[in-house]
Amino acid sequence: NHVRSLLLDRWGNFWIGTSGGGVSQYSGQQFERFTEKNGLPGSYIYSIAVDQRNELWTGTSGGGVTHFDGNKFSRYGADSGFADQKVRALFVDSDSLLWLGTDGGGLAVYNRDSFYIFTTTNGLAGNWVKAIAEDSQGRIWVASAGAGITQITKTDSLHAPDFHTYKLSDGLKSNRVVDLHIDR
């Protein structure tokens with residue numbers, strides 16, 4: 001009964017991530033529920049995203065990220081070049097890149113080939129990522145728990161984007177930012 005994430009895909013399906021009950025899909029007629037019995041590595045769903053192929057990505061209690069292609073679940077963790085950490089934020093940008101915000105492990109971006117991981121060492125404001133958004137200029141905004149906001153400008157090299165942080169000293173009312181929304 002505890003809903004943690006909710007998403008409407010481009011086909012009109014609702015995806016509902018729950019705390020302990022896996023993920024459910026509602027297409028207007030009935031619910032279809034996916035749990036560990038279907039191959040999901042954990043029943044606590046912290047984040048959901050749907051990519052341009054209308055395939056589901058979830059951040060679960062099993063750590064890492066899970067991909068569902070409509071038939072089976074595939075898990076990406078440390079053995080895939082990512083991390084075995086909770087993924088609290090997922091976002092698919094206009095370039096079809098998947099951005100993943102973790103609990104303490106920073107931010108990752110996945111291009112269907114490799115994961116690139118960014119932390120405070122690279123210029124990220126904080127390693128506890130709560131939300132990710134994209135503005136109309138294609139810049140990625142990352143909210144962190146207790147460390148402010150990072151604006152990321154993509155460059156020709158996915159390895160080395162430009163980072164700019166915003167904190168209390170830059171005019172934020174609080175360094176604890178838990179959600180983002182890009183307005184008009």
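At what distance in nm do the modelled label points of Gln25 and Thr120 sit from each other, each positioned 7 Å from its Cα along Cα→Cβ?
Inter-label distance under the simple model: 4.0 nm.
Output ³J(HN,Hα) for the stretch 68-77: one whole-Hz value per residue in order, computed from phi by the Karplus curve 6.51 cos²θ - 1.76 cosθ + 1.60 with θ = phi - 60°, and x for Gly and Pro.
So the J values, rounded to whole Hz, are 10, 8, x, 10, 9, 9, 10, 9, 10, x.
Using a probe of 1.4 angstrom, how much of the accessible area of the stretch 1-80 is carbon and sulfur, in percent?
44
Could you sort His159, His67 by accessible area so the largest value comes first, with the probe set to 1.4 Å?
Largest to smallest exposure gives the sequence His159, His67.
List the residues whose amide H sits under 5 Å from the amide H of Ser47, counting only those 5 or more places along or on another chain, with H placed 1.01 Å from N in the peptide plane.
Under 5 Å from the amide H of Ser47: Gly59.
Could you work out the relative contact order of the stretch 52-148, using alpha carbon pairs under 8 angstrom and six or more residues apart, expressed as a whole percent?
Relative contact order here is 18 percent.
Using only the alpha-carbon atoms of the stretch 34-101, report the extent along each of the three principal axes, biggest first, to the nearest angstrom.
Extents along the principal axes, in whole Å: 32, 24, 20.
Given contacts defined as C-alpha pairs under 8 Å and at least six residues apart, what's the relative contact order of the chain, whole-number percent?
11
Please list, ordered by chain and number, the residues whose modelled amide H lies under 5 Å from the amide H of Asp95; skip anything fewer than 5 residues away on the same chain.
Sorted by chain and number, the residues that satisfy this come to none at all.
Cα-based Rg of the stretch 58-176 per 2.2 N^0.38 Å, rounded to two decimals?
1.03
Give me, ordered by chain and number, the residues 5 or more places off Leu172 or on other chains with an amide H under 5 Å from its own placed amide H.
Hits under the 5 Å cutoff: Lys167.
Cross-link candidates for Lys167: which lysines have Cα within less than 29 Å, leaving aside residues fewer than 8 places away along the same chain?
Lys86, Lys130, Lys154
Could you give the accessible area per residue of the stretch 1-154, probe 1.4 Å, as a whole number in Å²?
Working: 6890 Å² over 154 residues.
The answer is 45 Å² per residue.
The values are calculated or read from the model by the stated rules, or taken from the named source; none is laboratory data. Please read all numbers here as calculations on a predicted model, not as lab measurements. As a convention, Cβ positions derive from the backbone with ideal geometry for all residues, glycine included, and neighbour counts pool all protein chains shown. SASA here: full protein model, heavy atoms, side chains in, ligands and nucleic acids out. Shrake-Rupley method; radii C 1.70, N 1.55, O 1.52, S 1.80 Å.
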